[in-house]
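Computed from the coordinates by the stated procedures, all read-outs in this text should not be read as laboratory data. All values derive from a computational prediction rather than experimental measurement. Every residue, glycine among them, receives a Cβ derived from its backbone with ideal geometry; neighbour counts consider all protein chains shown.
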Amino acid sequence: MRYKKHYALLSFLLILSAALLFGGCRQQNSGNPEKETEIAVTDDSGVEVRLDKYPERIISLTPSNTEILFALGLGERVVGVTTYCDYPEEAKQKKRIGDLQGNVEEIVALKPDLIVAKSVLNDDVVSKLRKLDVPVLCVDPESIDGVYRAIELIAKLTGTSDNGDKIINGMKEKIAAVEKKVAGITQEKRLKVFVEVGYEPLYTAGDKTYVDELVSLAGGINIAKNIEGYQMYSLEDVVKSNPDVILAADNYYIDIDKEIKKRAGWDAIEAVQKGNLISDFDTNLVNRPGPRSAEAVELIAEALYPDLF
């Protein structure tokens, strides 16, 4: 009888130990999704991207994605970038695989296990690479929330979710600080802004664009809110709207100050008369939806309301 009791007790302890061990392991794994052997996300093009291990050879097909990869601490894993990828400085040292459409032969020769792209810019090369069964993740942010999602998707596929969370939280804190400073400005006193994203013909950023959101978060009012997306805008309409400030988001190849002075009727615009032209800055800040987006909001807000900063 005593033997049976000891045996029963021993069996119970063994079962309990196994249960605790299994439960502990399961809890540990569920609390750390980075340990999964298969990673899967649905990207912004609606395609499910599956990997059986975290990628070691990554190629970026857009400057904004390159910035995200380096911000996540993945610079050493990046083996190829486009000719336009110039930030951070380390990105300039990477192998160039062509422009935004890339060179499929050069890309494949680098043996990537992940391509990070933007479907609206890289549609042709993305299609070709997917036919070759090369994993392609497409992120198409056109808003701050879209930037957060892009960072989250790339971070999940690369096993850097902790870094991704830190980046996103830092961005949110910076933007919240700006919003707090401009919150006291009444609607009547908020400055009207014209955003120039192209010239000859003149182009601007309307409602539901990334740049429009930057201006709004910074406390400005986009005069092109009546249109949607990036569209041509007449010189006369700018004069009629009489913006307080002009944000030159595309001044790569022109002297925007001289260009504005040539335009008929623009000498009557408030922004031109007072010299309120935001042009002396890195335009990539406002043109690339990425980890520096919060800095873009800060930059615009400081230019609009210097007394608050």
- Task: Report, in debye and to the nearest 20, how large the dipole of the chain comes out about its Cα centre when Lys and Arg carry +1 and Asp and Glu carry -1 on their Cβ.
- Result: 1640
- In bins 5 Å wide, starting from 0, what share of all Cα pairs of the range 191-233 does each bin hold, as a percent? 6, 29, 35, 21, 7, 1
- Message: Over all directions, how big on average is the projection of the convex hull of the alpha-carbon atoms in the chain, in square nanometres?
- Response: 22.9
- Among Ala155, Gln93, Met232 the positive-end extreme of the charge dipole of the chain (Cβ point charges): Ala155
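Within 10 Å of each candidate Cβ there may be at most 14 other Cβ atoms; applying that plus a DSSP loop requirement, which trypsin sites (Lys or Arg not before Pro) in the range 81-135 survive?
For trypsin sites (Lys or Arg not before Pro) across the range 81-135 that sit outside H, G, I, E and B with at most 14 neighbouring Cβ atoms in 10 Å, the list reads Lys95.
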- Message: Regarding the range 96-255, what's the average projected area of the Cα-atom convex hull, expressed in nm²?
- Response: 12.0
- Based on the Cβ-Cβ distance from Tyr199 to Arg50, what FRET efficiency comes out when R0 is 41 Å, to the nearest 0.05? 0.40
- So how much slack lies between Leu308 and Lys174, counting 0.36 nm per residue of separation and subtracting their Cα-Cα distance, in nm? 46.8 nm
- Once both labels are modelled 7 Å past Cα along the beta-carbon direction, what's the Lys240-Asp133 spacing in nm? 5.8
- Task: Could you rank the peptides 134-147, 167-180, 212-225 by their average count of other C-beta atoms within 10 Å per residue, with the highest value first?
- Result: 212-225, 134-147, 167-180
- Message: To make sure I understand the rule: partners must be aspartates and glutamates, Cα under 16 Å from the Cα of Lys92, and not fewer than 8 residues away in the same chain. Which ones qualify?
- Response: Glu67, Glu76
- Check: in the range 121-214 the Lys pairs 8 or more apart or on separate chains whose Cα atoms fall under 29 Å apart number 26
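Test of understanding: ordering Thr283, Thr42, Thr160 by Cβ neighbours within 10 Å, fewest first, what list do you get? Intermediate results must be reported in sequence, preceding the final value.
Values: Thr283 17, Thr42 11, Thr160 22.
If I rank by nearby Cβ atoms, fewest first, I get Thr42, Thr283, Thr160.
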- Message: Using a 7 Å offset from the Cα along the Cα-to-Cβ direction at both Ile221 and Glu89, what is the distance between the two label points in nm, to one decimal?
- Response: 4.3
- Query: What base-10 log of the normalised intensity I(q)/I(0) is obtained for the range 181-308 from the Debye formula, alpha carbons as equal point scatterers, at q = 0.21, 0.22 Å⁻¹?
  - Reply: -1.34, -1.49
- Extension gain Glu228-Asp267, at 0.36 nm per residue separation less the Cα-Cα distance, in nm? 11.3 nm
- Note on the structure: A correct fewest-to-most ranking of Leu132, Leu69 by other Cβ atoms within 10 Å would be Leu132, Leu69
- Message: Restricting to DSSP loop positions (anything but H, G, I, E, B) with no more than 16 other Cβ atoms inside 10 Å of their own Cβ, which trypsin sites (Lys or Arg not before Pro) remain in the range 228-309?
- Response: Arg263, Lys274
- How many percent of DSSP beta bridges within the chain run antiparallel, rounded to 5? 35
- Query: Got a sec? Charge dipole of the chain, +1 on Cβ for Lys and Arg, -1 for Asp and Glu; which of Ala218, Val79, Pro55 is way out at the positive end?
  - Reply: Pro55
